[in-house]
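Accompanying notes for the structure given below.
The values are calculated or read from the model by the stated rules, or taken from the named source; none is laboratory data. None of these values were measured; they are calculated from a predicted model. With ideal geometry, Cβ positions are generated from the backbone for all residues, glycine too; neighbour counts draw on all protein chains shown. For the accessible areas, the whole protein counts, side chains as well, though only heavy atoms, and no ligand, DNA or RNA atoms are used. Shrake-Rupley method; radii C 1.70, N 1.55, O 1.52, S 1.80 Å.
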Amino acid sequence: NAVEQQRKVNTGLLAGVSDLIMFIGTDVYFIEIKTSTGRQSDKQKDFENRVNLLGHKYFLVRSLEEFKEIIIFATNKI
């Protein structure tokens, strides 16, 4: 809601930041969660580009199965 969003802005939340950030080993994973029809905003796409330019990993997840695959991939790299 609007009050919660304003609180986040007031505390320094950067627009477009992924929903989840995971630190596994020395890797950083940024995960955006969307429904099967959800779309990234322009700010989310900009954030994804910045993450990729920095050499980190960014995933757009649309199901629990996709999320599990990321976890398996990340933990197998340790």
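Structure data summary
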item: Residue in region 60-78 that is more than 11 Å from the chain's Cα centre (by Cα), open to solvent by 100 Å² or more (accessible area, probe 1.4 Å) and touching a residue at least 40 places away in the same chain (Cβ under 8 Å) present; result: yes
item: Of all residues making up region 48-78, the number that are assigned to a loop (DSSP other than H, G, I, E, B) and under 19 Å from Leu14 (Cβ atoms); result: 3
item: Complete set of residues in region 22-35 that are open to solvent by 80 Å² or more (accessible area, probe 1.4 Å) and either in contact with a helix residue (DSSP H, G or I) (Cβ under 9 Å, 6 or more places away or on another chain) or under 13 Å from His56 (Cα atoms) (or both); result: Phe23, Thr26, Ile33
item: Test result for Gln6, surrounded by fewer than 13 Cβ atoms within 10 Å (Cβ to Cβ) and part of a helix (DSSP H, G or I); result: yes
item: Where a residue in region 15-41 is closer than 17 Å to Asn52 by Cβ and its partner, wherever it lies, is among the acidic types (Asp, Glu) and assigned to a loop (DSSP other than H, G, I, E, B), with Cβ under 7 Å and at least six apart; result: Ile31/Asp19; Glu32/Asp19
item: Residues of region 35-47 that turn out to be within 13 Å of Val17 (Cα to Cα) and part of a loop (DSSP other than H, G, I, E, B), as a count; result: 2
